[in-house]
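This report refers to the structure that appears directly beneath it.
Nothing in this text is a laboratory measurement; each read-out follows from the coordinates by a stated rule. Here the structure is a predicted model, which means the values were calculated and not measured. Glycine also receives a Cβ, built like all others from the backbone with ideal geometry; neighbour counts cover every protein chain displayed.
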Amino acid sequence: MSTDCIFCKIVKGELPCTRIYEDEDTLAFLDIGPIVKGHCLVIPKRHHDPITSMPASELQALIVAVQKVARAIEDGLQSDGLNITQANGSVAGQVVPHVHFHVIPRFTWDGHSWNWNAQSYDNTDEMAECARQICDAFKD
Ligand code: 5GP
Ligand code: ZN
């Protein structure tokens, strides 16, 4: 637990939330500022940040809970689709530094659009070098 983390305070009941789902490891609640109404946050009860430093076993429990919440949103709100997103670092748009997945219902009529600015590689060599740098970093 982190004493000044707002999501840890929600887990401890020190701040309110509109709870959607809870199990031993995970809590899901409505985002206070939904991109689309029904937008949920799914968090580990233990404080972790960023996702890359989270133990795999806890991440497995979290992603299974994300899928449960996603199914409940689909069935309960009859959404036409979903976005599932997760940010790490302020440069990536993260505001609350406690790992969380956004599960966002999408409807044909919701009017939301992502500002997804697709770029391109200068050439295949640049693309291969980028892949090499990532692949070389895999650890056993
Ligand atoms: P991030 O930008 O870190 O990926 O997303 C943080 C999310 O937490 C935002 O969508 C924001 O609306 C939500 N949020 C921030 N504070 C609270 C809060 O006190 N309660 C709830 N339910 N959501 C919050
Ligand atoms: Zn926390």
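Some notes on this structure:
- Stretch gain in nm, segment S2-W109, where the contour uses 0.36 nm per residue and the Cα spacing is subtracted: 34.6 nm
- Spin-label zone in segment 75-102 - amide nitrogen under 18 Å from a point set 7 Å from the Cα of E14 along the C-beta vector: 96-99
- For the chain: rounded, prolate or oblate by the Cα gyration tensor [a/c cutoff 1.5]: oblate
- Fewest-first ordering of V66, V36 by other beta carbons within 10 Å of each residue's beta carbon gives V36, V66.
- Residues of segment 79-94 with amide N under 14 Å of a point placed 7 Å along Cα→Cβ from T52: 87-92
- Across the chain, the longest piece that holds none of the trypsin sites (Lys or Arg not before Pro) lying in DSSP loops with up to 13 other C-beta atoms within 10 Å covers 38-138.
- Free-standing Cys residues across the chain, given no other cysteine C-beta under 4.7 angstrom: C17, C40, C130, C135
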